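The values are calculated or read from the model by the stated rules, or taken from the named source; none is laboratory data. Predicted model only: the values in this text are computed from it and were never measured. Positions of Cβ are backbone-derived with ideal geometry, glycine not excepted, and every protein chain shown enters the neighbour counts.
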Amino acid sequence: MKSVLRFLLSFTAIFTSIAFCESEGGDFVSISSVIKFYPMLPQLIDPFPPQVKTLSLKSSHPFWNGHSIGRVVSKANATKKMRKIKRDNEAGLVDGTILMYHRYKDTDLQLPAVLTINWYKQIAMVENTRQEFREYFIKKLSKKSPGRSGAGAGISLINTKIGETDVELNISGNISVEGALVFEEKDLITTNLRESKSWDLEIEQTQRFTIDGNIGDRFFVKIKQDSEADFTWENDLTIEYKGQKNDILQKAEAGNINLSLEGMDAINLGGANSSLFGIKTVHQLGPVEIQSVIAREQVKKSEKTMEGGAESGTPTSINDYNFIKDRYFFIDDIFKANYYPLSVTNAHFYDTSYVVGQFEIYQKVTTAENPALIQADAYVYPQDSTSYSVGGTWVKLEENMDYEIDRILGYIRMNSVQNAIAIAYTTTSFDPNNQSFDAVQDTTNGTNFKSVYDECVESSTDYQEECKGLITLKLLKDINPSTPNSPTWSLMFKNVYSLGGSNIESSGLELDIVRDLGGGDERTHSETGTSYLSIFGLDSENENHQKVDGGDGKIDLYGSLLNLAYGELILPTYLPFAYDTHPRVIIDEFDNPIELIDVNGNSTYWGTNQNDLMGVLEVELNDADGDFLDDGDTG
């Protein structure tokens, strides 16, 4: 009893001494620093784990062993390929709480931590302040110079320092000149030997190149020139200034700019405008973003009556095999499977629980490496490292300038394509009632975002080596122009045709599908008397959108069939001119085929399944899963 009492008195005295030192401002003991590295409950998830780098891979601390693997020793990341291990958070069952977990599939590897949002916010402010303070001094004390590697990575026109500022100017692309000397023999009798022959020299020059430059890490110059561009604004010049994270002036652009204003569709500028030339600035004041623009539109507005894609009086014929290539792409096979068939009102069906959440679109480039670009590997199937892939340097594209995306239906439209195209994305759900996307993101498709690469570059002394292989993307288009042998051929739209103009007036559009039997025998109707326009699903209603058997002889005006702004005709099936008697299937995880049916329980097809087209279409499709990869696939 005396021993126990003596122990309690000693413990009380020690504890009182420690408390006295703390209250007097003494620095003898730091309880908070010790707890940071030796948690009281080591199996419970720490929302703010210590980010300490060390070359020591072994110690007595339960969480210290292997802590620097993948950080200091980048090659030895044992869990890098274990994509089913997931650290994430979700809303707690109690209001105002969040649940943080560390799981392998559905099994918790650590005890989940339940935190109140107010507590997390308070601690996060302290941690973020410490991290920003650390990064500030790292930037001041270290100076990274971007490296260069790889043959054929473009030509560096300028790469030097002016004072303490890096100045770099690179050019990449190609300029081709083709020539032909044409001789023509004349059978006419002439009085001069020279007149019996004539020759002509034909020369064609095309150029497609980009010039990228930077002055320090704030000013950037981009020049893009394509002699085969569809529109003049695709050849652009942009000078850009990027502010620091906490600056009020976040961005300033001069040259070819784009403007996107949500909820401003009613005014002249519209919700988005990518054909402006002028100056644009973006200021950030807390949660408020201010965009200022002084610009002029670069398009000439005019009205023309179009027939078949040409001006009045000049009908144009389009062959069935001349569909637009490398313009539209499905993001993955699930979005592709949901896209067709259309509803009775020519609307698309979609899965509200599977839409695109966050996304970044990339194009492969051959310019020199620098921290503004990323090193990545793009796979046809990102979760399968054995699938076809394209590696190298990639540049992030800008929405509404380089591409457009439909997040609900899951496809992109490229304005121009010069190389391989890839995407990093998450999926989420969509509420059609209030037209909002869920904040919860599904990241299990195997792709990574640029922010992961930027964090690695920021904390690395040799980012080209340590950050290599860190980013995985999904490949949408291969390096070369798409052909039936391309590994991404199945993701490209093959049912969109150009009408030869843009901003077409619907009142002046006349369109027919004609079967050419040769010898001037052209037919617009099948043997049963039904028009091919109706058979191919383009005419089923009258002008009042009432169903009419066989249609009214005019194409139905729906956005799923016509894009009048771009002058594009969209036939409502994947392969409209391939006759198909094999119902669509998908392959489940056990390699078993499952037939895809529509909402009425009918079979669906990749091609066209109409009795009137039996024996009419020369191509017969035999590819039930629509991947164009199996040995028996034809059509």
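A few remarks follow.
- For the stretch 409-419, the candidate set comprises residues that are part of a loop (DSSP other than H, G, I, E, B) and at pLDDT 95 or above; within that set, the residue that is nearest to the chain's Cα centre (by Cα) is 410.
- The set of residues from the stretch 606-618 being modelled with pLDDT under 80 and over 19 Å from residue 319 (Cβ atoms) comprises just one member, 615.
- Subset of the stretch 287-322 (residues that are small (Gly, Ala, Ser) and either at pLDDT 80 or above or closer than 23 Å to residue 510 by Cβ (or both)): 292, 302, 308, 309, 310, 312, 313, 317
- Condition met for residue 350 (farther than 20 Å from residue 402 by Cβ and among the hydroxyl-bearing types (Ser, Thr, Tyr)): yes
- Qualifying position, being part of a strand (DSSP E or B) and surrounded by fewer than 17 Cβ atoms within 10 Å (Cβ to Cβ), among 357, 391: 391
- Only a single item in (1) modelled with pLDDT under 85; (2) part of a loop (DSSP other than H, G, I, E, B); (3) farther than 20 Å from residue 350 by Cβ is not met by residue 621, and it is number (2).
- The stretch 526-547, subset surrounded by 14 or more Cβ atoms within 10 Å (Cβ to Cβ) and more than 21 Å from residue 605 (Cβ to Cβ), residue modelled with the highest pLDDT: 541
- Some residue of the stretch 505-525 being under 35 Å from the mean Cα position of the chain (by Cα), surrounded by 12 or more Cβ atoms within 10 Å (Cβ to Cβ) and closer than 19 Å to residue 414 by Cα: no
- Residue within the stretch 389-404 that is touching a helix residue (DSSP H, G or I) at 6+ places or on another chain (Cβ under 7 Å) and either of a type outside the set (Ser, Thr, Tyr) or modelled with pLDDT of 95 or more (or both) present: yes
- Flag for residue 117 being out of contact with any Cys (no Cβ under 9 Å at 6 or more places or on another chain), surrounded by 12 or more Cβ atoms within 10 Å (Cβ to Cβ), modelled with pLDDT of 85 or more and of a type in the set (A, V, I, L, M, F, W, C): yes
- Some residue of the stretch 460-483 being under 27 Å from residue 566 (Cα atoms), over 19 Å from the mean Cα position of the chain (by Cα) and in a loop (DSSP other than H, G, I, E, B): yes
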